[in-house]
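Here's the structure we're looking at; comments come further down.
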Amino acid sequence: MTYNKLWRLLAQEYDRGEAQAIARMVYEVRYGLTLSDIYSGKDTQLSADCQAELEEIAHRLASHEPVQYVLGTADFCGRPFHVEPGILIPRPETEHLCRLILQSVLPPSPSVLDIGTGSGCIAVTLALDIPNSRVTAWDISEVALKIARENAKRANVHVSFEQVDILHLPSDSNPPYICQSEAAQMESNVLDYEPRLALFVPDEDPLRFYRPIASYAHAALHAGGQLWLETNPLYLEQITALLLATGCHVTAHDDQFGKTRFIQAIR
C-alpha cells in the first residue's frame, strides 16, 4: 500500500483534497514519513508488517471511521492528544475558542473551569498557556476523564479532573449543542463513530445544558470573571438572552470561518 494507492482508495469516499490530507496524516503520524519522504519513494520501503497494518488502516478509513480514532491521536493547538471511540474529537473551531480566551483580559493566576472536558484538550491547553492558572475540568464520562488525565500527564501539566453531571449541580467550555433533528445533515464519520452524549440535545430543549451553566456561572464568577461558550448559531439569541438575564455583559464572536459560534459573558 503506497501513499498514492491509499489516497486514491479514499477518494472513492472523500473528496480528493481530504483523501490526500488523511493519507498524509497516516504516513506522518504512524510511520514518521513527511511529504518529501513520500515523494522520494520511502512509502514503498515499509516492512511487510507495516504494509499489513496499512491495509487494515485503509479498510477502517474507507468505512468512514475518523482518522483520529484510527491513529489514536488528534492535533489541538499544535499539541498531540490521545483520542479513542467514546471521546469527542477536538475541532479546529475549538482551537479558535482557546485563542480567543488567551487573547482576552485575564486576571493574574486565574481559576479556570472546563465543563465537558472530553479529551482534556481545552483544559490542558489553557493550563499550559495561561501562566499560574489553576485549572479544573469536569465531565460526566469516566472514559473521557481517564483519557483526559492521561493527556494532562503526557503534557506534564496539572489539571484537577472531577466527574460531575452539570444537570445536577449543587445550586466554561463545550457542552452538547446540536439538536437531534440536525443529525440528518451531518457526515457519517461523525454520526457513526463519535459519542452522541457529547454531541446532541433534545430538539424540544436546546438550552438544556446552558441553563445550569449560566446559573452556576452567576453564582461562582467574581466581578470581571468570564464565561466562554461554544454554541449552536441557531440558538445564539436565546443563549445571549439567558446570559443577559443573569446580569452579564455578553459579546458574540465568530469562528475562523466567519460563523458566529462563541459567546463571552463577563460578570
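Computed quantities for the displayed model
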{"read-out": "The chain, accessible area per residue, ligands and nucleic acids excluded (1.4 Å, Å²)", "value": "50"}
{"read-out": "Euclidean distance between Cα centres, the range 218-264 to the range 120-167, Å", "value": "22"}
{"read-out": "Whichever aspartates and glutamates have a C-alpha closer than 13 Å to that of LYS5, once near sequence neighbours (fewer than 8 apart) are set aside", "value": "ASP43, GLU55"}
{"read-out": "For the range 1-47: relative contact order, % (alpha-carbon pairs under 8 angstrom, 6 or more apart)", "value": "35"}
{"read-out": "Heavy-atom accessible area ranking, 1.4 Å probe, most first, across CYS50, CYS98", "value": "CYS50, CYS98"}
{"read-out": "Backbone HN-Hα couplings from phi across the range 256-267 [Karplus 6.51/-1.76/1.60, Hz, Gly and Pro as x]", "value": "6, 9, x, 9, 6, 10, 10, 10, 10, 10, 10, 5"}
{"read-out": "Antiparallel %, DSSP beta bridges [both residues in the range 97-163], to 5", "value": "0"}
{"read-out": "Gained length - LEU9 relative to HIS158, 0.36 nm times residue gap less alpha-carbon distance", "value": "49.4 nm"}
{"read-out": "Rounded percent of accessible protein surface that carbon and sulfur make up, the range 1-60, 1.4 Å probe", "value": "47"}
{"read-out": "Amide H contacts of PHE76 (H built 1.01 Å from N, under 5 Å, at least 5 apart or other chain)", "value": "PHE81"}
{"read-out": "Of every Cα-Cα pair in the range 21-137, the percent that sits beyond 19 Å", "value": "56"}
{"read-out": "Taking all pairs of distinct alpha-carbon atoms in the range 223-267, Kirkwood radius in angstrom", "value": "10.5"}
{"read-out": "Relative contact order, percent, the range 217-267 [alpha-carbon distance under 8 Å, six or more residues apart]", "value": "48"}
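The values are calculated or read from the model by the stated rules, or taken from the named source; none is laboratory data. Nothing here was measured: the structure is a model prediction, and the numbers come from that model. Note: accessible area is taken over every heavy atom of the protein model, side chains too, but ligands, DNA and RNA are not part of it. Shrake-Rupley method; radii C 1.70, N 1.55, O 1.52, S 1.80 Å.
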